[in-house]
Amino acid sequence: MTRTEAAIAAADAHSAHNYHPLPVVVATAEGAWMTDVEGNRYLDMLAGYSALNFGHGNPRLRDAARAQLDRVTLTSRAFHHDRFAEFCTQLAELCGKDMVLPMNTGAEAVETAVKTARKWGYRVKGVPEGRAKIVVAENNFHGRTTTIVSFSTDPEARADYGPYTPGFEIVPYGDLAALTAAVDDDTVAVLLEPIQGEAGVLVPPPGYLTGVRELTAARNVLFMADEIQSGLGRTGRTFACEHEDVVPDVYVLGKALGGGVVPVSAVVASREVLGVFHPGEHGSTFGGNPLACAVGLEVIAMLRTGEYQQRATELGEHLHHELGLLTGTGAVREVRGRGLWAGVDIDPAHGTGRQISEKLMARGVLVKDTHGSTIRIAPPLVITKEDLNWGLTQLRETLTA
Ligand SMILES: Cc1ncc(COP(=O)(O)O)c(C=O)c1O
């Protein structure tokens, strides 16, 4: 048995089978490259579902984490600590908002956004108790908690987890007329991904986000943008909403906010919205801990340079140009996305997304399928153009072999 086979067998024996990982066992990683337990190198074209926008072992993030490890890592929110105010101030400023509520994982931030919207609805908007409604989109992916899967339309994510949380209405993504019809006097929020990641990197039709902004403003409804996967540089802007010059009421952030080092998520909004919380009404032992804040602060400082957004724009144009050429070969049916982020629908005659991912792995490239014959390409934004080209060559050769 190889070291890889032994590690996979042990994982299969002792961990729940809630994932189906590619058969690679990573031991170390740097930048856009990972090395497995056998010493084989792989180009990471997934970047931890965009949690690794700044690459593996980014020196700035590593230094920030190390420095904080030597000071203090956890206080709980029972006490103040000296990185907290700075983190909240800086993140609020990055988002052009007043207040931050830090959590850890993306799902917790989405749960927090749901609670925020409901509390705001009852306390500020004046919705009758127990009637608050949140409108969401078909094919959404906002996380795995019982409330969040209650409004999922993916049977795999949802089946057998009922009874489900009520209070959500699902409309087709990108359909402004359907959204308009769903919003009523009890609606407190519209919760959307500005680009649907897990669904296959679906970009809504032009004008959709602007329309959502206008509708929600007119109906006194919060526009909550789940930028957990689309945000923090991935699309070439700090936030994907910026592509339509749209500013939502609530940003829901996660993944890259923790720099691939620690889980850091947050809800960011105005004082009118996040001001609804009082002591004891919501919280998290780890949310806003000193280590998380130190890493998050460095992430914010890196985003402030604009360097990563610029890389995502330039390399993204190149990526989409090259993938466009593949569409011409017939091997690829459609390519969607923005910046350094693409959903690629492969002609099913070439295999399922999983089979393509396994073939790419054998060539030293790691990607992940989403649904059917769709693969997602989202390398760390620090990838070099040469490495990106090499990865694209592997994809081209896999599809034309
Ligand atoms: C848009 C979006 N929201 C929420 C989540 C959930 O984040 P987490 O896995 O950190 O709970 C994800 C994860 O993929 C996501 O893509």
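Numbers below:
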{"quantity": "Residue order for Met361, Met103 - accessible surface, 1.4 angstrom probe, largest first", "calculated": "Met361, Met103"}
{"quantity": "Cα shape, the stretch 17-61, gyration tensor, a/c 1.5 rule", "calculated": "oblate"}
{"quantity": "Gain in span if fully extended, Val37 to Met1, counting 0.36 nm per residue against the direct Cα distance", "calculated": "11.6 nm"}
{"quantity": "Residue pairs, from the table Lys359/Lys385; Lys97/Lys255; Lys255/Lys359; Lys97/Lys119, whose Cα atoms sit over 24 Å apart", "calculated": "Lys255/Lys359"}
{"quantity": "In nm, spacing of pseudo-spin labels at Ala182 and Arg271 (7 Å Cα→C-beta vector)", "calculated": "3.3"}
{"quantity": "Normalised contact order of the stretch 312-401, rounded percent, pairs of Cα under 8 Å and 6 or more residues apart", "calculated": "26"}
{"quantity": "Radius of gyration and maximum dimension Dmax of the stretch 71-304, Cα, Å", "calculated": "16.9, 53"}
{"quantity": "Accessible area (Å², 1.4 Å probe, nearest 10) - Lys119", "calculated": "50"}
{"quantity": "Cα gyration tensor shape of the stretch 99-227, rounded if a/c is under 1.5, else prolate or oblate by comparing a/b with b/c", "calculated": "rounded"}
{"quantity": "Fraction of accessible area attributable to carbon and sulfur, the stretch 71-304 (%, probe 1.4 Å)", "calculated": "52"}
{"quantity": "For the stretch 135-173 and the stretch 260-327, distance of Cα centres in Å", "calculated": "24"}
{"quantity": "Sequence-separation-based contact order of the stretch 1-97, relative, with Cα cut under 8 Å and 6+ spacing, percent", "calculated": "16"}
{"quantity": "Assigned charges on the beta-carbon of Lys, Arg, Asp, Glu; the stretch 333-401 dipole about Cα centre (debye)", "calculated": "120"}
{"quantity": "Mean accessible surface per residue for the chain, computed with a 1.4 Å probe while every protein chain stays in place, in Å²", "calculated": "43"}
{"quantity": "Sequence-separation-based contact order of the stretch 71-304, relative, with Cα cut under 8 Å and 6+ spacing, percent", "calculated": "30"}
{"quantity": "In degrees, nearest ten, helix 307-329 long axis to first principal axis of the chain (Cα)", "calculated": "60"}
{"quantity": "Thr393 versus Ala11: modelled label distance in nm, points set 7 Å from Cα along the beta carbon direction", "calculated": "2.9"}
{"quantity": "Förster-model FRET efficiency, 22 Å R0, Ala349 and Ala159, C-beta, rounded to 0.05", "calculated": "0.15"}
{"quantity": "Simple spin-label estimate for Arg304 and Asp70 in nanometres, 7 Å along Cα-Cβ", "calculated": "2.3"}
{"quantity": "Rounded to whole Hz, the Karplus (6.51, -1.76, 1.60) HN-Hα couplings of the stretch 69-81, x for glycine and proline", "calculated": "4, 7, 9, 7, 10, 8, 10, 6, 7, 5, 10, 7, 9"}
{"quantity": "Quotient of C-alpha Rg and 2.2 N^0.38 Å, computed over the stretch 233-388", "calculated": "1.26"}
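The values are calculated or read from the model by the stated rules, or taken from the named source; none is laboratory data. Here the structure is a predicted model, which is why all the values come from computation and not from measurement. With ideal geometry, Cβ positions are generated from the backbone for all residues, glycine too; neighbour counts draw on all protein chains shown. Just so you know, the surface numbers come from the protein's heavy atoms only, side chains and all, with ligands and any DNA or RNA stripped out. Shrake-Rupley method; radii C 1.70, N 1.55, O 1.52, S 1.80 Å.
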